[in-house]
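Data block below; observations after.
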Amino acid sequence: MRLVVIGGVAAGLSAAARARRIDKSLDITVLEKGDWISWAACGLPYYIGGQTKSLDDLVRYTPEQFARERNITVRTRAEAAVIAHSRREVVLNGGEKIHYDRLVIATGARPALGGIEGIEQKHIFTLNTLSDARRLREFICARRPRTAAVIGGGYVGLEAVEALRANGLKVTLISKDSRILGRGDATLTNAVTAQLERFGVEFRTGTIVRKIDSIPHDLVVLATGFKPNIEIAADGGIEIGRTGAIRVTERMETNLSGVFAAGDCAEATHLVTGRAAYIPLGTTANKMGRVAGACAAGARESFPGVVGTLIVRVCGLGVGMTGLAPGQAKSEGFDVVSTVIEAPVRPGYYTEYHGSQKTQIELVADRKTGRLLGGTVIGDEGVAGRVNVIATALHARIKVDEFAQFDFAYAPPFAPVWDPLLIAAQQLEKLL
Ligand SMILES: Cc1cc2nc3c(=O)[nH]c(=O)nc-3n(C[C@H](O)[C@H](O)[C@H](O)COP(=O)(O)OP(=O)(O)OC[C@H]3O[C@@H](n4cnc5c(N)ncnc54)[C@H](O)[C@@H]3O)c2cc1C
């Protein structure tokens, strides 16, 4: 039996590797249209910022390693052009036909450029691939630009801002609205705006960029979001969901039997709303890929969904979020109650690190059921840990009064006796 995987990064390679672990006898071929496989887009901003020294460090595996260690054939410069499911064939760009019994589509996403005019100019960049990052780094080194504009207030835009500031550029962040990180959350927006100001970044909201020429900067980074690569799937008769990404079941199977999809090209169930969502992230792509690979190899595994957990560093400030922001919860029909607290991350008497460090926590709940719906954590320390706790609670559909009783660790070097999460939960309990 032959498994063909289209796409050789997070979702595609997770699928291929998992399928191999389940069935040693499968014939597995991965098709990747680019020159590289298994590289970490997540590291690109840190290559620009100087925390990652070489682009080679971002590449985890080579096709040779996959062949040698896993008996998986990985073909680069092999672009799938057509999926002909009635014949169980993938047709490559050059006309070569590859038969499959099972197929995993892991074609990822590309920058959503939204028809901006003038983006072909030499000082305009996206930050999605290794070659994007190489070109941007070379431009910075060779041309020594002094000013930069970043278009888009999502996490890629914010990471690009930090990376460009690290190179000494004067940066302007341009966003069509003040919905930082697509969340429409006043607490989050205010904290991020203040941090940007502190770092001398101009934040211009309410500006829809239609022409690059209207932005007089030495360098422009377009970070205007992602668009799922669904075209060959859609042309092949695969159903696209209302989010614009490929619709899949919990087993990552599409409407065509034996054809699976995973990663940034597919949608996932949002476990708080129960509805399909498109939240393309590496962590999700890996999990979806594993399940798609397992099921394609004949196992019965499932991927229940996501709660939308994301963390980003904005000029040194940690910002984590999960579930729904108050406005999002309201538009999903919940009776929203929320609270924002600020509390120290250690007892005041313990001064070994930074004596007075504080973290800001926002928790969101449903008044009717008392269920926790989301949270935001902002601070310099402990952000990932705390936002992951909230994410865990969302997965378990925990109520606020249960959350307020969680048994968290306490010792002065690590946390205060009342963890900020517990303080926020108690505050929210009072409001419910
Ligand atoms: C700058 C940046 C920072 C990020 N930071 C984070 C982070 O901190 N945390 C996080 O969770 N996520 C992060 N992400 C997102 C994460 O990188 C993606 O979610 C992840 O790479 C998705 O993996 P994927 O395999 O679904 O798709 P991709 O990584 O997009 O891979 C898809 C592959 O399929 C290939 N392909 C497409 N069409 C075809 C075809 N027709 N034939 C053959 N091959 C094809 C493409 O060339 C590509 O190599 C970041 C992304 C970017 C751009």
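I'm trying to understand the selection: among the residues of the range 267-300, which are of a type in the set (Gly, Ala, Ser) and free of Cβ contacts under 8 Å to residues at least 60 places away in the same chain?
Of everything in the range 267-300, those that are of a type in the set (Gly, Ala, Ser) and free of Cβ contacts under 8 Å to residues at least 60 places away in the same chain turn out to be ALA268, GLY274, ALA276, ALA277.
For (1) hydrophobic (A, V, I, L, M, F, W, C); (2) surrounded by 13 or more Cβ atoms within 10 Å (Cβ to Cβ), each residue gets a yes or a no:
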| position | (1), (2) |
| --- | --- |
| ASP335 | no, no |
| ILE341 | yes, yes |
| PRO344 | no, yes |
| TYR350 | no, yes |
| LYS358 | no, yes |
| ILE361 | yes, yes |
| VAL364 | yes, yes |
| ARG371 | no, yes |
| GLY374 | no, yes |
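Is it the case that the range 210-224 has a residue that's among the small types (Gly, Ala, Ser) and under 24 Å from ALA277 (Cβ atoms)?
Yes - at least one qualifying residue is present in the range 210-224.
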Whether any residue in the range 81-88 is part of a loop (DSSP other than H, G, I, E, B), in contact with a strand residue (DSSP E or B) (Cβ under 9 Å, 6 or more places away or on another chain), surrounded by fewer than 23 Cβ atoms within 10 Å (Cβ to Cβ) and β-branched (Val, Ile, Thr) is what I want to check. no
Restricting the range 243-253 to residues that are more than 16 Å from the ligand (Cβ to nearest atom) and in contact with a Cys (Cβ under 8 Å, 6 or more places away or on another chain), which is farthest from CYS295 (Cα to Cα)? GLU253
What's the total number of residues in the range 52-71 that are part of a loop (DSSP other than H, G, I, E, B), buried (at least 17 other Cβ atoms within 10 Å of the Cβ) and away from the ligand (no atom under 15 Å from the Cβ)? 0
Given (1) within 13 Å of the ligand (Cβ to nearest atom); (2) more than 21 Å from the chain's Cα centre (by Cα); (3) surrounded by 15 or more Cβ atoms within 10 Å (Cβ to Cβ), index of the condition ILE28 fails: (1)
Among the residues that make up the range 200-207, is at least one of them under 28 Å from LYS53 (Cα atoms) and among the aromatic types (Phe, Trp, Tyr)? no
Quick check on the range 211-228. Is at least one of its residues within 11 Å of the ligand (Cβ to nearest atom), in contact (Cβ under 8 Å) with a residue 40 or more places away in the chain and either more than 21 Å from the chain's Cα centre (by Cα) or closer than 30 Å to ARG70 by Cα (or both)? yes
Return the only residue of THR309, THR273 being hydroxyl-bearing (Ser, Thr, Tyr), surrounded by fewer than 21 Cβ atoms within 10 Å (Cβ to Cβ) and at pLDDT 95 or above. THR273
Lone qualifier among THR189, THR224 - being over 30 Å from ILE6 (Cα atoms) and either buried (at least 16 other Cβ atoms within 10 Å of the Cβ) or not aromatic (Phe, Trp, Tyr) (or both): THR189
How do the pairs read when you match residues in the range 392-411 that are free of Cβ contacts under 8 Å to residues at least 24 places away in the same chain with residues anywhere that are surrounded by fewer than 17 Cβ atoms within 10 Å (Cβ to Cβ) and assigned to a loop (DSSP other than H, G, I, E, B), using Cβ under 6 Å and keeping only pairs 6 or more apart or on different chains? TYR410/VAL417
Pull up the range 331-373, narrow it to residues that are at pLDDT 95 or above and among the acidic types (Asp, Glu), then point me to the one that is nearest to HIS270 (Cα to Cα). GLU332
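Give me the residue from the range 254-270 that is at negative phi and within 13 Å of the ligand (Cβ to nearest atom) and, out of that set, surrounded by the fewest Cβ atoms within 10 Å (Cβ to Cβ). Working first, answer last.
Filtering the range 254-270 for residues at negative phi gives 254-257, 259-262, 264-270.
Those left that are additionally within 13 Å of the ligand (Cβ to nearest atom): 260-262, 264-268.
Numbers: PHE260: 31, ALA261: 32, ALA262: 35, ASP264: 27, CYS265: 31, ALA266: 33, GLU267: 24, ALA268: 27.
The qualifying residue surrounded by the fewest Cβ atoms within 10 Å (Cβ to Cβ) is GLU267.
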So, in the range 229-251, how many residues would count as being touching a residue at least 60 places away in the same chain (Cβ under 8 Å) and either closer than 9 Å to ALA266 by Cα or in a loop (DSSP other than H, G, I, E, B) (or both)? 6
Please indicate, with yes or no, whether at least one residue in the range 93-110 is closer than 24 Å to ARG300 by Cα, more than 13 Å from the ligand (Cβ to nearest atom), in a helix (DSSP H, G or I) and touching a residue at least 12 places away in the same chain (Cβ under 8 Å). no
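The values are calculated or read from the model by the stated rules, or taken from the named source; none is laboratory data. Please read these numbers as outputs of a predicted model, since none were measured by experiment. Cβ sites come from the backbone with ideal geometry, for glycine too, and all protein chains shown count toward neighbours.
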